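The next block holds one structure in the form of structure tokens; read it before the comments.
The values are calculated or read from the model by the stated rules, or taken from the named source; none is laboratory data. Owing to the predicted nature of the structure, the values given are computational and were not obtained by experimental measurement. Here Cβ is always computed from backbone atoms with ideal geometry, including for glycine, and neighbour counts include all displayed protein chains.
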Amino acid sequence: MSIRILLVDDQALLRTGFRMILQAQPDLEVVGEAIDGADAVRQAAALRPDVVLMDVRMPGMDGVRATAAITAADGTARVLVLTTFDVDEHAFAALRAGASGFLLKDVPPAELAGAIRAVAAGDAVVSPRITRRLIDRVSLHAPGPVDDADGRTAVLAALTEREREVFGEVARGLSNSEIAGRLHLSEATVKTHITRVLAKLQLRDRVHVVIFAYEHHLLNDR
């Protein structure tokens, strides 16, 4: 079954280029194109794509607000953000709004296709380097530490001790292989724990573990 993709960019030339790249893949299907955020929200509701390839800097409704609207309205659509700069406050804001990936517009075709497949499968597409920058931004704008040990305990009460350990390492931006090495586990076991953590905390992916951790003051001792 093909992965259905909605392209969102205000530049027609870029949309054409992405369409050509993606349509060359046998398992990827571009089902629509949107010229701005408002158009993206309308088409996402009508076409119900698996993945929305979203530009963040557009006139009118930008990609951040469109991402929030799409992820709130449809629990199945995944948003993969495209940006020109690897340090882009708009892209980081889109991640906070519900996007599951962050790529540069000059990404190689094979990497773009792989990222779409990963996002469609439920994974996040944000490198550890980008995750750590996200941590820096979230922690910079988060409220200062609070004495709320009871609240923090309640948030993580559903997790086992091992799941809490994995949660903490993910929230600090470590990759699966780094977590496996630190906790002396196999990567497969780490992935299983992450899947359970996401389900129990009702989070979309590992990017939102980072955001969740700082919004709930769970890593103020870092």
Would you mention how many residues in region 35-54 are closer than 23 Å to A121 by Cβ and buried (at least 19 other Cβ atoms within 10 Å of the Cβ)? 9
The residue from T67, T16 that alone is β-branched (V, I, T), crowded, with 21+ Cβ neighbours inside 10 Å and assigned to a helix (DSSP H, G or I) is T67
Specify which of the listed residues (G114, G98, G60) is over 14 Å from the mean Cα position of the chain (by Cα) and more than 22 Å from A12 (Cα to Cα). G114
Let me spell it out: the conditions are (1) surrounded by fewer than 18 Cβ atoms within 10 Å (Cβ to Cβ); (2) under 21 Å from I5 (Cβ atoms); (3) among the small types (G, A, S); (4) at pLDDT below 85, and A110 meets all of them except one. Which number is the exception? (4)
Cβ-Cβ distance below 8 Å, separation of 6 or more or different chains: which pairs start in region 190-218 with a residue that is in contact (Cβ under 8 Å) with a residue 24 or more places away in the chain and at positive phi and end on one that is part of a helix (DSSP H, G or I) and surrounded by fewer than 19 Cβ atoms within 10 Å (Cβ to Cβ)? H217/G151; H217/R152
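Matching residues to (1) modelled with pLDDT of 80 or more; (2) more than 19 Å from the chain's Cα centre (by Cα); (3) surrounded by 14 or more Cβ atoms within 10 Å (Cβ to Cβ):
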residue: G173; (1), (2), (3): no, no, yes
residue: H184; (1), (2), (3): yes, yes, no
residue: T192; (1), (2), (3): yes, no, yes
residue: L201; (1), (2), (3): yes, no, yes
residue: R206; (1), (2), (3): no, no, yes
residue: D221; (1), (2), (3): no, yes, no
Filter region 72-89 down to residues that are surrounded by 19 or more Cβ atoms within 10 Å (Cβ to Cβ) and touching a helix residue (DSSP H, G or I) at 6+ places or on another chain (Cβ under 7 Å) and give me whichever is farthest from Q25 (Cα to Cα). T83
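Okay, residues lined up against (1) farther than 16 Å from T67 by Cβ; (2) in the same structural domain as V64 (by TED's automatic domain parsing); (3) in contact with a Leu (Cβ under 7 Å, 6 or more places away or on another chain); (4) at pLDDT below 95:
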residue: Q11; (1), (2), (3), (4): yes, yes, no, yes
residue: L14; (1), (2), (3), (4): yes, yes, no, yes
residue: L28; (1), (2), (3), (4): yes, yes, yes, no
residue: G32; (1), (2), (3), (4): yes, yes, yes, no
residue: D36; (1), (2), (3), (4): no, yes, no, yes
residue: P49; (1), (2), (3), (4): no, yes, yes, no
residue: V52; (1), (2), (3), (4): no, yes, yes, no
